[in-house]
1. Sticking with the crude label model, points 7 Å out along Cα→Cβ, report the distance from R21 to V40 in nm, one decimal please.
2. Computed from the coordinates I sent, percent of Cα pairs over 17 Å apart equals one of [x] 50; [y] 28; [z] 58. Tell me the label.
3. Determine ³J(HN,Hα), in whole Hz, for all residues of the range 27-33 in sequence, where each value follows from phi through the Karplus function 6.51 cos²θ - 1.76 cosθ + 1.60 and θ = phi - 60°; x replaces Gly and Pro.
4. Run the helix sum for the chain: -39,500 (n - 2.57) per DSSP H stretch of 4+ residues, divided by residue count, reported at 222 nm to the nearest 500 deg cm²/dmol.
5. Can you work out the Karplus-derived ³J(HN,Hα) for every residue in the range 15-25? Use 6.51 cos²θ - 1.76 cosθ + 1.60 with θ = phi - 60°, whole Hz, and x for glycine or proline.
6. From the residues L17, T39, L7, which one has its Cα farthest along the dipole of the chain in the positive direction, the dipole being from +1 and -1 charges on Cβ of Lys/Arg and Asp/Glu about the Cα centre?
7. Can you give the charge dipole size of the chain about its Cα centre, rounded to the nearest 20 debye, using +1 on the beta carbon of Lys and Arg and -1 on the beta carbon of Asp and Glu?
8. Can you list the HN-Hα couplings for the range 45-51, worked out from phi with the Karplus curve (6.51, -1.76, 1.60; θ = phi - 60°), rounded to whole Hz and with x for Gly and Pro?
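Every read-out reported here was derived from the displayed coordinates using simple, explicitly stated rules and does not represent laboratory data. Not measured: the values here are computed from a predicted model. Here the Cβ positions follow ideal geometry from the backbone for every residue, glycine too, while neighbour counts run over all protein chains shown.
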Amino acid sequence: MKGVMRLYLTDEKIIELFFERNDRAVNEIQMKYGKLCFTVAMNILGDREDAE
C-alpha cells in the first residue's frame, strides 16, 4: 500500500513477545530492523546472497 505508514511496536513490546514465545515477535523485529541489518550486512560482506 503506497503512502501508508506502518507504526512499529516498541522494543520493549517486541521483547515481551519473545518472552511470551509469540511468533509475531520475529515478524515485528524483522519489519522494524530488517532493512537496517541487511544494509549493514551488505556493507560488510559485499554480496547480496550472503547478506540475506
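1. 2.8 nm
2. [x]
3. 4, 5, 5, 5, 5, 7, 10
4. Details: 3 runs with 35 residues, N = 52.
Only helices count here, giving -20500 deg cm²/dmol.
5. Those phi angles translate into 4, 4, 4, 4, 5, 7, 6, 7, 4, 4, 4 Hz.
6. L7
7. Values: 8 positive and 10 negative charges, 68 e Å.
Charge dipole of the chain: 320 debye, to the nearest 20.
8. Those phi angles translate into 8, x, 9, 4, 4, 5, 5 Hz.
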